[in-house]
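Asks: Sending over a structure as structure tokens; questions will come in a sec.
The values are calculated or read from the model by the stated rules, or taken from the named source; none is laboratory data. Small disclaimer: the values here were computed from a predicted structure and weren't measured. Using ideal geometry, Cβ is built from the backbone for each residue, glycine included, and neighbour counts are taken over all protein chains shown.
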């Protein structure tokens with residue numbers, strides 16, 4: 001019997017092509033993608049490539065399972081908030097008229113309070129990421145906003 005796990009799904013429509021959105025999502029210079037907020041970031045975005053992301057002294061790391069530009073990125077995700085469990089993140093980029101529907105699914109998270117925080121984190125980062133395209137405000141990352149008790153993404 002498989003252990004019960006958490007799964008979060010966040011969708012955003014971004015006014016850019018799938019190619020532009022895919023490339024920006026992997027570019028640590030673009031505010032809003034998770035990599036931009038890193039204090040230290042190492043990334044080899046290819047199948048079986050590894051990443052290490054340090055934010056507020058907390059290490060996050062994983063391995064890319066699939067890199068299919070401009071359609072899909074899939075990688076594992078581990079941090080203290082996954083309690084040592086390897087979870088999975090899948091990001092898809094689908095053309096939607098002139099825009100791109102970007103979907104982030106974080107699955108296989110342990111059922112615990114620290115893991116539940118990933119939903120707010122992904123919601124916050126993807127909302128800021130949308131602001132980096134078209135007529136967006138170019139809003140920068142703010143750690144306190146990302147972890148505000150008033151930041152509910154339900």
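Asks: How many residues does the stretch 14-41 contain that are surrounded by 14 or more Cβ atoms within 10 Å (Cβ to Cβ) and part of a strand (DSSP E or B)?
Replies: Here the count works out to 4.
Asks: Which residues, taken from the stretch 37-70, are closer than 15 Å to residue 91 by Cβ and in contact (Cβ under 8 Å) with a residue 40 or more places away in the chain?
Replies: Selection gives 69, 70.
Asks: How many residues, within the stretch 52-76, are in contact with a helix residue (DSSP H, G or I) (Cβ under 8 Å, 6 or more places away or on another chain), closer than 17 Å to residue 37 by Cα and surrounded by 16 or more Cβ atoms within 10 Å (Cβ to Cβ)?
Replies: 2
Asks: Please verify whether residue 22 is at pLDDT 90 or above and within 14 Å of residue 77 (Cα to Cα), treating the condition exactly as stated. Steps first, answer last, please.
Replies: Numbers: at pLDDT 90 or above: yes; within 14 Å of residue 77 (Cα to Cα): no.
No; evaluated as a whole, the condition is false for this residue.
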